[in-house]
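The values are calculated or read from the model by the stated rules, or taken from the named source; none is laboratory data. All figures in this text were calculated on a predicted structure; none of them were measured in a lab. Neighbour counts run over all protein chains shown; Cβ positions are idealised from the backbone, glycine included. Please note that ligands, DNA and RNA were not included when accessible areas were found on the heavy atoms of the full protein model with its side chains. Shrake-Rupley method; radii C 1.70, N 1.55, O 1.52, S 1.80 Å.
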Amino acid sequence: MSSASSSVRRIAATVLAAGAIVSATALPASAADGDRHHQQRPRVEIGRVQADSPGREDRSNRSLNAEWVEITNTTRDGINLRGWTLRDRDGNRYRFDNVRIAPRATIRIHTGNGRDTRTDLFQDRRDYVWDNNSDTATLRDDRGRTVDTESWGRRR
């Protein structure tokens with residue numbers, strides 16, 4: 001009987017040891033998944049771009065403001081865009097002041113003049129920025145890291 005009892009104890013110890021090894025290797029993998037998920041935030045992205053102002057392009061403020069880029073915060077947290085930039089391929093740059101984008105909200109950056117609100121910002125330019133046929137909008141954070149890009153048309 002002691003031989004059977006000894007075998008049962010060895011089998012139980014082997015099963016417990018195997019369980020411990022599996023648990024120990026699974027824990028770092030799940031922790032890494034959590035880190036990878038954490039690294040994706042904050043997530044702000046370029047949504048829609050209206051590069052071709054509808055109607056006649058006469059450089060009027062109305063026409064300039066019909067050219068815009070939408071920026072969307074896809075997280076559950078508000079994000080301050082102070083120091084972030086939005087650029088076109090030619091190097092035209094708009095720098096965000098102390099602008100807070102609400103959780104899961106979208107703001108629109110217009111080319112012309114206007115009064116900034118929570119949902120609409122204005123570059124106060126007197127000429128068009130976005131090329132109708134082909135351009136790239138690049139959003140960079142306050143450290144100069146590219147957050148998102150949106151391209152359209154064919155590059156010349």
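Per-structure values
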quantity	calculated
Largest-first ordering by accessible area, 1.4 Å probe, given options SER60, SER53	SER60, SER53
Solvent-accessible surface (1.4 angstrom probe) belonging to VAL129, in square angstrom, nearest 10	10
Accessible-area ranking of PHE96, PHE122, largest first, probe 1.4 Å	PHE122, PHE96
Label-point separation, ASP148 to ARG93 (7 Å along Cα→Cβ), nm	2.1
TYR94, TYR128, ranked by accessible area, largest first (probe 1.4 Å)	TYR128, TYR94
